[in-house]
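Engineer: Before anything else, here's the structure in question.
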Amino acid sequence: MKNFIEELLKVNDKFEENTKKGMSDINIFEALGVEYKENYHSKFIAYLIDPHGDHYQELFANEFLKKLGRYTKAKKFKNLTAHDIESVETEACAKDNRRIDILISLKDKRYIIIENKLYAKDQPDQLKDYIKHIKEKVKNIDDFHENILTIYLHKNEDTEPSKYSLGARNGFKINNGLIYDSYDKKMSFYLKMDYKWIKEWINACIGVCENKVKNNEIDKKFKNDMQNVIFTLNQYKTLLTWYVAIDDYVAKDYVMEFLKSSKENLNNATNLYRYTKNKSDFKDIDYDKYKKAKEIVREKWDEICEELVNDFFNELEKEFEKERTICDEKWFGYKLDEKRVNYDWFDFYPKIYEDDNDVWPSVGVFFGKSDYDNFGLTFKINCNEEDEKYKEFFQNSNMRNDNIRRSGDHYYYDVFENFNFKEKYAFAYWLINNHGNWMTEFSKILEEFLNKETIKSTLENINNELKPNK
């Protein structure tokens with residue numbers, strides 16, 4: 001503990017010294033709380049690409065299209081300039097009132113679909129419906145697929161559109177930079193894009209603006225305007241570095257980075273937060289240093305908890321993006337982008353329900369945000385339409401069987417022996433105690449939950465009665 005406190009104070013002194021010199025972690029996008037909201041990312045990206053905007057968008061559109069031309073195999077989308085763009089829309093209306101995140105319409109009936117997946121789950125037939133919608137605009141053109149470029153923008157560079165999004169029944173498929181329908185007819189060119197790609201483009205835009213200032217291409221009275229543009233682009237680039245461009249991550253606060261750098265440091269921070277100086281761990285420590293270190297940890301504590309929980313849920317997402325076997329069932333999962341006030345939520349479901357179904361089961365992982373003392377699992381039957389048939393499986397179940405209580409179409413697991421919910425931050429303490437071993441310990445909880453007789457019998461019933469015909 002003594003060495004920990006000495007190191008923490010050194011890191012904090014360096015942080016404070018750099019702050020006095022002008023270092024800042026103030027970010028307007030973070031202040032507005034939009035760092036994880038993909039619709040705001042879509043709006044800002046589209047705003048920069050639209051050459052019909054009020055500022056320097058033609059420069060940014062040219063940089064975007066130039067970079068795009070280097071990556072795409074589609075001949076009609078190489079060597080484009082901002083003058084080729086007719087319109088840029090966000091939430092563009094498609095089939096059945098569905099919305100394309102970003103739609104770029106070019107001259108000569110060429111279209112770029114950008115599906116932005118920061119955290120939201122792929123929706124049934126999503127990309128399939130978007131492409132079919134755009135196809136109607138170019139159906140009279142020979143080799144119409146050459147006029148459509150579909151971009152899947154995801155924070156993870158290796159994540160591709162799910163079978164769910166491409167259409168499970170008579171679905172589309174991706175092969176060698178092209179999207180085909182179920183009859184192997186070419187429907188669209190395809191490009192996978194990640195947020196590191198976006199960050200590189202933003203950096204190129206900053207470079208163009210800085211060169212204009214450096215080369216005196218900007219009138220003196222407008223130089224402040226250009227500096228504001230550069231500042232805004234740098235703010236967004238910083239946001240991507242902190243939160244989204246995960247392969248290019250840089251810490252925004254190296255005091256926090258030090259506290260989170262090891263399980264030992266987290267445990268020491270927890271001891272400082274929870275206990276007073278009469279504990280034996282602190283008996284040889286200078287009181288003033290102890291007091292200062294405790295003050296630093298208390299100032300950072302809620303941020304520590306928030307980042308640990310985000311890391312945990314991000315790791316869950318990575319685990320369930322690929323199929324994971326639990327109790328002999330294969331499962332997929334996704335973080336729900338609902339931004340609830342009191343709870344956050346992660347959902348996963350059996351692979352056999354990956355096809356488009358009216359009814360399917362899922363397991364939810366949730367925790368209380370206020371004091372991080374509430375954590376649990378829920379088993380639920382979901383339905384797309386007004387469908388009553390699934391409810392029969394809940395009618396005769398024992399509401400207290402296996403320490404599980406029922407509420408509507410959910411089963412809630414009441415007790416985790418791993419947690420002491422009489423204490424605030426119980427979930428955060430569990431994360432710290434199991435840091436580096438989250439998934440192993442959490443898998444035990446999932447096994448225990450799904451092996452409950454109430455859950456097993458209900459899952460077996462709905463699998464037998466409602467699962468898709470194979």
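Quick note: the coordinates plus some simple rules give every number you see, no bench work behind them. Keep in mind that what you see is a predicted model, and the values were worked out from it rather than measured. Every residue, glycine among them, receives a Cβ derived from its backbone with ideal geometry; neighbour counts consider all protein chains shown.
Engineer: Could you tell me the largest-minus-smallest coordinate of the C-alpha atoms of the stretch 38-198 on each of the three principal axes, in descending order and whole angstroms?
Structural biologist: Ordered largest first, the stretch 38-198 gives principal extents of 45, 36, 30 Å.
Engineer: What ranking do Asp302, Asp373 get, fewest neighbouring Cβ atoms within 10 angstrom at the top?
Structural biologist: Listed from fewest to most nearby Cβ atoms, that is Asp302, Asp373.
Engineer: Enumerate by residue number the trypsin sites (Lys or Arg not before Pro) in the stretch 41-130 meeting two conditions: DSSP loop (anything except H, G, I, E, B), and at most 10 other Cβ atoms within 10 Å of the site's Cβ.
Structural biologist: Lys107
Engineer: Hey, another quick one. Using 0.36 nm per residue, how much length does the chain from Glu264 to Ser407 gain when fully extended, once their Cα-Cα distance is taken away?
Structural biologist: 47.5 nm
Engineer: Between Met439 and Arg169, what length in nm is gained on full extension when 0.36 nm per residue of separation is reduced by their alpha carbon distance?
Structural biologist: Length gained between Met439 and Arg169: 93.9 nm.
Engineer: Between Lys291 and Leu32, how many nm apart are label points set 7 Å from Cα along the C-beta direction?
Structural biologist: So the two model labels end up 4.3 nm from each other.
Engineer: Please compute the length gained on full extension between Asn464 and Asn451, using 0.36 nm multiplied by the number of residues separating them and subtracting their Cα-Cα distance.
Structural biologist: 2.9 nm
Engineer: A further question on this structure: Based on the Cβ-Cβ distance of Lys369 and Asn156, what FRET efficiency does E = 1/(1 + (r/R0)^6) give at R0 = 25 Å, to the nearest 0.05?
Structural biologist: So the FRET efficiency works out to roughly 0.50.
Engineer: In the stretch 148-193, which trypsin sites (Lys or Arg not before Pro) fall in coil by DSSP and have 11 or fewer other Cβ atoms within 10 Å?
Structural biologist: Arg169, Lys185
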